[in-house]
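Novice: Just dropping this structure here.
The values are calculated or read from the model by the stated rules, or taken from the named source; none is laboratory data. No experiment lies behind these values; they were computed from the predicted model shown. Using ideal geometry, Cβ is built from the backbone for each residue, glycine included, and neighbour counts are taken over all protein chains shown.
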């Protein structure tokens with residue numbers, strides 16, 4: 001029963017994440033933060049699928065998790081693999097259907113809900129979400145806030161490669177990712193992750 005519940009959570013979280021990325025961020029070449037953001041940058045610059053890039057970029061963090069805390073490794077591996085698969089599955093070209101500002105907000109909410117739902121049930125997409133879990137536990141800071149800090153650094157880096165407008169809209173996106181993730185994990189803020 002536990003495994004089934006975990007798989008349902010991973011499916012729902014990954015679906016929200018993929019919808020946010022593919023239907024709201026990609027049409028305007030907006031960025032999320034963390035490994036997903038780096039995967040999107042690689043996708044925009046080279047055409048390599050974002051999900052595939054996320055898997056490759058997550059290898060060092062999963063290696064760290066293997067040695068530091070294997071439960072982090074096991075709890076996140078399925079989430080990272082499945083969400084990367086779903087992101088690439090829905091990666092077909094999508095025509096924008098709402099204005100860019102609204103798209104950055106709605107996309108951020110969807111991505112944040114996907115990440116937050118998985119974190120609430122002790123799984124994640126790995127990558128910097130996994131790193132944020134380590135740092136959140138270490139510094140006793142809400143994991144959503146920690147993700148926001150890491151995302152901001154990635155957006156700042158991505159800002160060197162994109163236009164000012166896209167950079168500003170990506171900043172709006174990560175604000176809503178952070179808020180949505182924090183709301184989903186709020187009751188878990190004092191929980192010690194396995």
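Novice: Go through segment 123-153 and report how many residues are assigned to a loop (DSSP other than H, G, I, E, B) and buried (at least 18 other Cβ atoms within 10 Å of the Cβ). Write out each step before concluding.
Specialist: Narrowing segment 123-153 to residues assigned to a loop (DSSP other than H, G, I, E, B): 123-126, 140-142.
Among the residues that remain, those that are also buried (at least 18 other Cβ atoms within 10 Å of the Cβ) are: 123-126, 142.
Residues that pass the stated criteria total 5.
Novice: Which members of segment 176-185 meet the condition of being over 15 Å from residue 35 (Cβ atoms) and either surrounded by 17 or more Cβ atoms within 10 Å (Cβ to Cβ) or within 14 Å of the chain's Cα centre (by Cα) (or both)? Reasoning before the result, please.
Specialist: Step one: of segment 176-185, the residues over 15 Å from residue 35 (Cβ atoms) are 176, 178-180, 182-185.
Scanning segment 176-185 gives 176, 178, 179, 180, 182, 184, 185.
Novice: Out of segment 13-34, which residues are part of a helix (DSSP H, G or I), more than 14 Å from residue 89 (Cα to Cα) and either at pLDDT 95 or above or in contact with a helix residue (DSSP H, G or I) (Cβ under 6 Å, 6 or more places away or on another chain) (or both)?
Specialist: Across segment 13-34, the qualifying residues are 13, 24, 25, 28, 34.
A quick yes/no check of all residues on (1) within 13 Å of the chain's Cα centre (by Cα); (2) over 20 Å from residue 143 (Cβ atoms):
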residue: 62; (1), (2): no, no
residue: 67; (1), (2): no, yes
residue: 74; (1), (2): no, no
residue: 85; (1), (2): no, yes
residue: 98; (1), (2): no, yes
residue: 111; (1), (2): yes, no
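Conditions tested, residue by residue: (1) part of a helix (DSSP H, G or I); (2) under 28 Å from residue 4 (Cβ atoms); (3) modelled with pLDDT under 90.
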{"site": "63", "(1), (2), (3)": "yes, no, yes"}
{"site": "67", "(1), (2), (3)": "yes, no, yes"}
{"site": "87", "(1), (2), (3)": "yes, yes, no"}
{"site": "97", "(1), (2), (3)": "no, no, yes"}
{"site": "101", "(1), (2), (3)": "yes, no, no"}
{"site": "105", "(1), (2), (3)": "yes, no, no"}
{"site": "111", "(1), (2), (3)": "yes, yes, no"}
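Novice: On to the next question. Can you tell me which residue within segment 160-175, out of those that are under 17 Å from the mean Cα position of the chain (by Cα) and over 14 Å from residue 34 (Cα atoms), is surrounded by the most Cβ atoms within 10 Å (Cβ to Cβ)?
Specialist: First pass over segment 160-175, keeping only residues under 17 Å from the mean Cα position of the chain (by Cα): 169-175.
Of the ones still in play, those that are also over 14 Å from residue 34 (Cα atoms) are 169, 172.
Numbers: 169: 23, 172: 18.
Only one residue fits best here, namely 169.
Novice: Can I ask one more? Can you tell me how many residues in segment 23-58 are more than 14 Å from the chain's Cα centre (by Cα) and on the phi > 0 side of the Ramachandran plot?
Specialist: Number satisfying all stated conditions: 2.
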